[in-house]
Amino acid sequence: MILIVDDNQSNLYSLKKLLKSKDFSVDTANSGEEALGKALKNDYALIILDVQMPDMDGFEVAETLAGYSKTKEVPIIFLSAVNTDKRFIAKGYASGGKDYVTKPVDPEILLLKVKTFYNLQEQSVAMRKTQQSLELEVKGRRESQVTMKSQIDHFHLMLESLPQIAFTLNEEGVVDFVNGKWYQYSASDKHFPQTHPDDFNIEDEFERCRRKGRALDLEIRIQNIESGDYRYHLLRVTPVYDGNTVKNWVGTFTDIDDQKKVEKEKDEFLSIASHELKTPLTSIKAYVQLLERRLKLDKESTEAGFVTKAQDQIEKLNTLITDLLDVSKIENGKLKINKKPTNLENVISNAIDTILQTHDELKIKIKRDGTKPDILIPLDEIRIEQVLINFLTNAIKYSPKNNQIIVTTFVDEEEQEVKVNVTDFGIGIPDFKQEAVFRKFYRVEESSLQFQGMGIGLFICSEIIKQHHGNIGVSSKVDEGSTFYFTLPLN
């Protein structure tokens, strides 16, 4: 908006009409006092100010406007019919005017000047607003940086106070913070501690998880710099998400060496006990078979039924002892995985046939679904079949009222892995207990009294899949059923 200040009404009228003809928004004032009041109340892009006015002339008005922060940047064009002398023009500029036009006014020249100063002022106002916005943004960012630094410092202080080795990594997987305990096991804050030659490589395992945005959970031995001893630690590296993107990673090494020593003693006992039980059990099995042949019992007789039940119980005991030996091998790092290119579909078919042959085929119904992976995958055929048989046996065991089972496979070309699901429609598992079922000797309380078992089958399965660099898990709903699954890398 443009403010025209003149005590002559005819001048006001003619100037107002001229500017409005060019689409300018115009306001008027009849005196210097009125002009000051309006200038302080409204925002003007330009003031056209007459010099000769009673009480308060144009120079005084300009000087007064220059003294207010709101109006000091508004450009002023002086109009004068009398004071055309150079010293008056100079006074006009000195009092804050941007230009000096003498009367009679040339309309075209005045319009050119008005357009020029109006546009300059509009640009200046826009630039000031932009500058203010930038200043506010810079201030906001500085405050955010201060807040963020305070939060990071607090977080790092918390990590320093932890009894574990603690560290963080950026989104690219590069270590960017370590607490003081890190240096007991690594001389550099850029390199992970030295691991035992028989254990997994930390960098490789973390990179595999980082590419998929998954947490890393690994028991591993790392070397103490001072003593040179390798101590067992539980390594956990968890992604921190910002929306759907991993922002960084937080990791800890928790010393579990003393716990592992206690477990080792227990596992050694189990190993010795299992080996000692194996020998007499084998003899019992052989004698029962000899007894059955010697007696030549009628298959329909009661005695033959007793022999069959005895053989079934011997087989169950043999399975338990074999599982205990597997646990012992796992804990001692002696569970051998002999991987070679194998057709996974053949392994799945063999496992299903084994279950159907050892159970009543009329009651058990196993449906094969999904894409059949008729491809060669590096795996241990015997161990993967062991996992599948365990899944299928559990599906039958925990579904006493519905023996329908679905085996489904998916090939994910993007993730370069194959996924195998075994779905039942049995008793299900509560949400908060699903993760624990893969722990050693864990049993779900709701089913422990109704169903026999030691709670080591799924633990062995999880270790077998882990040795294959795959993932294992379960999704379940109580009274609706469960889906146990595992994945295997295609390469």
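The values are calculated or read from the model by the stated rules, or taken from the named source; none is laboratory data. These figures come from a predicted structure and were not determined experimentally. Methodologically, a virtual Cβ is constructed for each residue, glycine included, from the backbone with ideal geometry; neighbour enumeration extends over all protein chains shown. Remember, those area values only see protein heavy atoms, side chains included, never the ligands or the DNA or RNA. Shrake-Rupley method; radii C 1.70, N 1.55, O 1.52, S 1.80 Å.
Descriptive notes on the structure:
- Test for residue 306: is it within 47 Å of the chain's Cα centre (by Cα) and exposed (fewer than 13 other Cβ atoms within 10 Å of the Cβ): no
- Exactly one residue out of 76, 47 is open to solvent by less than 50 Å² (accessible area, probe 1.4 Å), without any contact (Cβ under 8 Å) to a residue 40 or more places away in the chain and either among the β-branched types (Val, Ile, Thr) or in contact with an Asp or Glu (Cβ under 6 Å, 6 or more places away or on another chain) (or both), and it is 76.
- Taken across the range 466-474, residues that are part of a helix (DSSP H, G or I) and touching a residue at least 12 places away in the same chain (Cβ under 8 Å) do occur, with at least one present.
- Failed condition for residue 366, given (1) at pLDDT 90 or above; (2) of a type in the set (A, V, I, L, M, F, W, C); (3) touching a Leu at 6+ places or on another chain (Cβ under 9 Å); (4) closer than 19 Å to residue 461 by Cα: (4)
- When the strands (runs of 3 or more DSSP E) confined to the range 329-408 are screened for residues that are farther than 14 Å from residue 488 by Cα and touching a residue at least 12 places away in the same chain (Cβ under 8 Å), those reaching at least 2 such residues are found at 365-370.
- Residues being at pLDDT 85 or above and open to solvent by less than 40 Å² (accessible area, probe 1.4 Å) - total across the range 63-73: 1
- If you go through the range 1-31 and keep only what is closer than 23 Å to residue 65 by Cβ and of a type in the set (Ser, Thr, Tyr), you end up with 25, 28, 31.
- Total residues in the range 250-303, condition part of a loop (DSSP other than H, G, I, E, B) and touching a residue at least 12 places away in the same chain (Cβ under 8 Å): 1
- Residue in the range 334-347 that is within 22 Å of residue 468 (Cα to Cα), at pLDDT below 90, buried (at least 19 other Cβ atoms within 10 Å of the Cβ) and out of contact with any strand residue (DSSP E or B) (no Cβ under 8 Å at 6 or more places or on another chain) present: no
- With respect to being at pLDDT 80 or above, of a type in the set (A, V, I, L, M, F, W, C) and more than 30 Å from residue 50 (Cα to Cα), residue 134 fits the description.
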